[in-house]
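Worksheet: the structure to be examined is printed underneath.
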Amino acid sequence: MSASERPPERDPDADLRPSERLVLRELRDDGELTQAALQTRTALAGGTLSEAITRLVDAGLVERRPDTTDARCRIISLSE
């Protein structure tokens, strides 16, 4: 099959919700962030952000871990 006959490559973010794409973009641009910093940068409502992060964690795209300096905070980062 020649290159012109192959179907176009699928965008891996195509099935994501807009809020999930926004979270991924922030993490790609700035690396790991606290959930509070993500909320400030994205202006997403708390519930919307939490749901987006949970869906991204479940999809294996991001990781959520406790902040070692503040147990109330969670660090969100891209999965390796």
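Just so you know, all these numbers are worked out from the coordinates, no wet-lab data involved. Predicted model, so just to flag it, every value in this text is computed and none were measured. All Cβ positions, glycine included, derive from the backbone under ideal geometry; neighbour counts span all protein chains shown.
Between amide H atoms placed 1.01 Å from N, distances below 5 Å from Val62 occur with Val57, Ser79, all of them 5 or more places distant or on a separate chain. Estimated at 0.36 nm per residue, the fully extended path between Arg41 and Arg21 surpasses their Cα-Cα distance by 5.9 nm. Inter-label distance, Asp70 to Thr34: 0.1 nm, where each label sits 7 Å from its Cα along the C-beta direction.
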